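Since every read-out is calculated from the coordinates, none of them should be taken as a lab result. Quantities reported herein were computed from a predicted structural model and do not represent experimental measurements. All Cβ positions, even for glycine, are placed from backbone atoms using ideal geometry, and neighbour counts span all protein chains on display.
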Amino acid sequence: MSTPVREAPVRKEPVRAAAALGRAGGLLILAGALVAAMAASLAIGAENIPLGRVVDGLLHPDGSREALIVQDLRVPRTLLGVVVGASLGLAGALMQALTRNPLAEPGLLGVNGGAAFAVVLVIAFLDTRTSLVYVWAAFAGAAGAAVLVYAVGSYGRAGATPGRLVLAGAALNAVFSALTAGVMLLDPRTFDGFRFWQVGSLASRDLEVVAQLGPFMLAGAVLGLLLARPLNALALGEDAGRALGVSPARTRALGALAIVVLCGSATAAAGPIWFLGLAVPFMVRSLVGPDQRWVLPYSLLLAPVLLLAADIAGRVVARPGELETGIVTAFVGAPVFIWMVRRGKAPKQ
Amino acid sequence: MSRVVRAGALSVRWEPRAAAVGVGLLAVGLAAAVFVVGTGDFPISAPEVVRALVGQGDQATTFIVTELRLPRAAVGLLAGLALGISGAIFQSMSRNPLGSPDLIGFTTGASTGALLQILVFGGGTLAIAAGSVAGAVGTAAAVYALSYRGGGVSGHRLVLIGVGAAAMLEAANSYLITRAELREAYEAAFWLTGSLNNRGWEHAAPLGWALAVLVPLALAYGRRLTMGELGDDAAQALGVPVQRSRAVLVAVGVGLTAVSATAVGPVPFVALVAPQLARRLTRRTGPHLMSAGLMGAALLSVGDLISLKLPVAVPVGVVTGALGGLYLVWLLAATGRKGTT
Amino acid sequence: MNRLVARDLTLAYEQRVVAEGLGVEVPDGSFTVIVGPNGCGKSTLLRALARLLKPREGAVFLDGEPILGQPAKQVARRVGLLPQQPVTPDGITVADLVARGRYPYQRLLRQWSREDERAVAAAMEAVGVTELADRVVDELSGGQRQRVWLALVLAQETPIMLLDEPTTFLDIAHQIEVLDLCSRLHEEGRTLVAVLHDLNHACRYATHLIAMRGGEIVAQGRPSDIVTAELVERVFGLPCRIIDCPETGTPLVVPADRRKALTAGML
């Protein structure tokens, strides 16, 4: 009776190992793509700079115009793109795993609205021009909003059902935007400062932002990646997860913490970037399947590639000006979202 | 409990409680409107307003009341009515208390259309109105078409696709705002928040005519909407042409959203909150369009009055947004406690 | 000719064809039960009979006319349906829900006739939910809720009733209760068509059994005439014995004990 059962996995083992090798190879390819995207981001812009000169400018800062462009503008921008993209991709994957909802996305869950409200308050009531104050305000606002949305959406016996979370996020986003509008319209100066923040962009941020928020993102990423195994168990349902020895409450709390840190700091650094966190995990799952041990690192690497690509596209299509990254991602991401709903990827409420 | 009036083969059903609630809401809305009319640089007491309205006031007061301030109050009441009814239609159709037109992109689309007129083409009042109607209708058509699959549209899918469309249009709106001159952009932002400032009869009259067509149509389809809440299969088995009714109701609901957005801008939350509050007051099941509409009128009127009485001048949209937010949190918490969606 | 007839149906969801060239007649006055393994197209067939699914080819005829060409309300006065997963509006009372079954008879200025009142009262009486009239449906037990929905279909006063898996999610006692009720409705002169999962229930209650597999009708007729061990093996792939039910005398399917065979083979 036991013979055929024992035989099956033995035969499968080489297959599995090959698949794992393939996936690991995929990760290497993605890492290569990320390097290529970074190089392109350094070279392409209002003024194209050949890669050789980029390297020269980095290694031997000779004070030439091109070296300055690379050093002061493109390097911060590219690094920002990498950390923001990685954070949003991983946060999106975590959010979707945690809510078992392929439609969950940091932007849909109120993070952008909360950050915007905090920033408009700072612009209106604190007389400051330091970008770091904006960054920390946005971080606090985003974190506060995410906690609020999760609390409202998961309150009570029904728990954090996918539909409730998405709709709680959409609704609270609308609340924040009303409050934001109220403050923003107090005087034209506030309005003028705010209207440029509200489109997410990688441009004109300095390295200090990356340096300050980087540690948070790193901590969030490590925490998130460590959750892969418990999330795999929870994917079978809460009861099954508990039976496999995972504490759903602890996993959810740690996951929520990682998400808040990751997307809070990403939004703080770049402003609202829509849909990256939604589309990337979806694409990744269609590549590597539902195993979170692969989904999470793939999302971590794929998202910055796409964000940098969107940023470069925004620089190229509207030359000599540029299109903000946040707008490019919304216009590419929303159709993906709609297509997913049409394909029936949306869970029933 | 409902009462029935019969005459021969004809019979009409009415519910005393719902009727009482309706009358009460109408009274609240009208009273708020009277105070709105009385508020301004030149305050007029409520009795004087009423006297002017019935043609007994002095000439100056009558002019201020009927020509300058009454249109604002009328636009508030009518737009509120339209928002309440359209909210009830979409919530019933999506079987979701959050499926209101301001969350599923239609209102955002109206904003995009209006912004294009204000910022890009520099159109006047009429062009802005046309732009916002076109924006709302275009968005709705796109969302409806995208939700259409396998011979029909599911309410659930309509809401989710609407949420996606809303996000995309939101980005477009931000883009337009950042590219415009500060003065124009500031003006556009006021419009985007929903405001009743400077409304004249040229706003109120077209709104009134549009509602004269759309509201009876909505009420006539109200019973089909009620049947739709039993699920598509049961409704169809009971003789409701589900898909055709849904198409008509979407059209009417979008029309109501579009004309109200044209008149007051995308005022948030009235469409979302009015049907829910009306339902709790009347203790009825079903979409009860009329009570939702009257609740919407009362809410927008009262919201306008509050925005006028606040120490800082804020558009009415900020007031309704803030109040609606508190209500929403409560609603989600309450449904959560019950364990339903 | 029978009142409800389907001819040459090709039934499909999107790209997936479920059945081709399917023909079926529902004998007037019968309690017809459709059985078959999961995915055999039995619910799809019922949906087509209820005009919820438009056939890609062929047509369903009601009283000799294509059902899709007839005014919706007029069809709804002759054919009623209990859906598989009915949606109960939040907070609705039993009386209000049952009253919605009168929709096909109502008009803008004929909202609630004495006839409506009588039909609703009779329907609630027939399924025994009169005492529950003012209760909220959400708060009832599964069996009670199913009876209330049956009352809605009854209030529709149709000579033909279609029931899509009316016993799913009910415990055994409530299953029998609902089926006994259906059987009584049939004896009062209605034509019933039901999709059932449980073959033994089907044999016990049906006067006409339709067995489907892979979108085709394998056999139809009186259960005692057609249900054999070969048929069950062919339709469900289940080796079994058929005995007479000690209670009703109808066929009773007893699955073969394959564990014995397995153990024997292993030794």
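Sequence-distant contacts, meaning Cα pairs under 8 Å at least 6 residues apart, place the relative contact order of region C:4-237 at 29 percent. Database remark: amide H of residue C:19 closer than 5 angstrom to the amide H of C:11 (H placed geometrically; neighbours at sequence offset of 5 or more, or on other chains; Pro and chain starts carry no H). What you get for region A:15-342, charging only the Cβ of Lys and Arg (+1) and of Asp and Glu (-1), is a dipole of about 1020 debye around the Cα centre. Classified by the C-alpha gyration tensor, the protein assembly as shown has an oblate form. Its axis ratio a/c, with a ≥ b ≥ c, is 1.5 or above, and a/b does not exceed b/c.
Residue by residue along A:191-198, Cβ atoms of other protein chains within 10 Å of the local Cβ number 4 on average. For region A:47-100, the Cβ-based charge dipole about the Cα centre amounts to some 320 debye (Lys, Arg positive; Asp, Glu negative; other atoms uncharged). Here the Karplus relation 6.51 cos²θ - 1.76 cosθ + 1.60, evaluated at θ = phi - 60°, turns the backbone of region A:79-93 into coupling constants of 4, 4, x, 5, 6, 5, x, 4, 4, 5, x, 5, 4, x, 4 Hz, with x for every Gly and Pro. Principal axis extents of the Cα atoms in region A:15-342, from largest to smallest and rounded to whole angstrom, are 64, 57, 36. Counts of other chain beta carbons within 10 angstrom of each beta carbon in peptide A:38-50 average 0.
For region A:273-349 versus region B:1-70, the spacing of their alpha-carbon centroids is 52 Å. Here each label is just a point 7 Å from Cα along the line to Cβ, and for residue A:222 and residue C:238 those points are 5.7 nm apart. For residue C:218, the residues whose amide H sits under 5 Å from its own are C:211, C:212, C:213, ignoring neighbours fewer than 5 places away on the same chain, with H placed 1.01 Å from N.
How long are the three semi-axes of the equivalent ellipsoid of region B:234-284, in whole Å, if each is the root of 5 times an eigenvalue of the C-alpha gyration tensor, listed from largest down?
26, 19, 6
The amide H of residue B:15, built 1.01 Å from its N in the peptide plane, has B:3 as neighbours under 5 Å, considering only residues 5 or more places off or on other chains. Looking at chain B, the pairs of alpha carbons with a distance over 39 Å make up 14% of the total. Evaluated over the Cα positions of region B:1-127, the convex hull gives a direction-averaged projected area, one quarter of its surface, of 13.3 nm².
What is the diffusion coefficient of region C:147-186 in µm²/s, taking the Kirkwood radius over Cα pairs and the Stokes-Einstein relation at 25 °C with a viscosity of 0.890 mPa s? Rounded to a whole number, D works out at 230 µm²/s. The phi-based Karplus calculation (6.51 cos²θ - 1.76 cosθ + 1.60; θ = phi - 60°) puts the 3J(HN,Hα) values of region C:106-121 at 9, 9, 3, 10, 10, 7, 7, 7, 4, 4, 4, 4, 5, 4, 5, 4 Hz, whole numbers, x for Gly and Pro. Remark: region B:222-333 projects, on average over all directions, an area of 8.1 nm² (convex hull of Cα atoms).
In the protein assembly as shown, a dipole from Cβ-located charges (positive for Lys and Arg, negative for Asp and Glu) runs towards its positive end, and of C:13, B:162, C:35 it is C:35 whose Cα lies farthest in that direction.
Rounded to the nearest 20 debye, the dipole size of the protein assembly as shown about its Cα centre is 880 debye, using +1 on the Cβ of Lys and Arg and -1 on the Cβ of Asp and Glu. Each 5 Å bin from zero up to the one holding the largest Cα-Cα distance in region A:61-150 carries the following percent of pairs: 3, 13, 15, 17, 16, 14, 10, 7, 4, 2, 0. For B:119, A:225, B:70, the sequence from fewest to most other C-beta atoms within 10 Å is A:225, B:119, B:70. Per residue, the average separation of C-alpha pairs within less than 8 Å and at least 6 apart gives chain B a relative contact order of 29 percent.
Rg ratio for region C:142-267: its Cα radius of gyration over 2.2 N^0.38 Å, N being its residue count, equals 1.22. Pairs of alpha carbons in region C:4-237 separated by more than 26 Å make up 38% of all such pairs. Per residue, the convex hull spanned by the Cα atoms of region C:32-78 amounts to 93 cubic angstrom.
222 nm [θ] for chain B, helices only, -39500 (n - 2.57) per DSSP H run of 4+, per residue, to 500? Walk me through the intermediate numbers first.
Values: 15 runs with 244 residues, N = 341.
Calculated at 222 nm, the ellipticity per residue is -24000 deg cm²/dmol.
Each of B:100, B:37, B:125 was placed along the dipole of chain B (beta-carbon charges, centred on the mean Cα), and the one lying farthest toward the positive end is B:100. By the gyration tensor of its Cα atoms, with a ≥ b ≥ c the square roots of the eigenvalues, what is the shape of region B:148-216: rounded for a/c under 1.5, prolate for a/b over b/c, or oblate? Oblate shape, in that a/c is at least 1.5 and b/c is the bigger or equal ratio. Evaluate E = 1/(1 + (r/R0)^6) for residue C:56 and residue A:192, where r is the Cβ-Cβ distance and R0 equals 56 Å; express this FRET efficiency to the nearest 0.05. Rounded to the nearest 0.05, the efficiency is 0.40.
Using the average count of surrounding beta-carbon atoms within 10 Å as a protection proxy, the listed peptides B:299-307, A:242-250 rank, highest first, as B:299-307, A:242-250.
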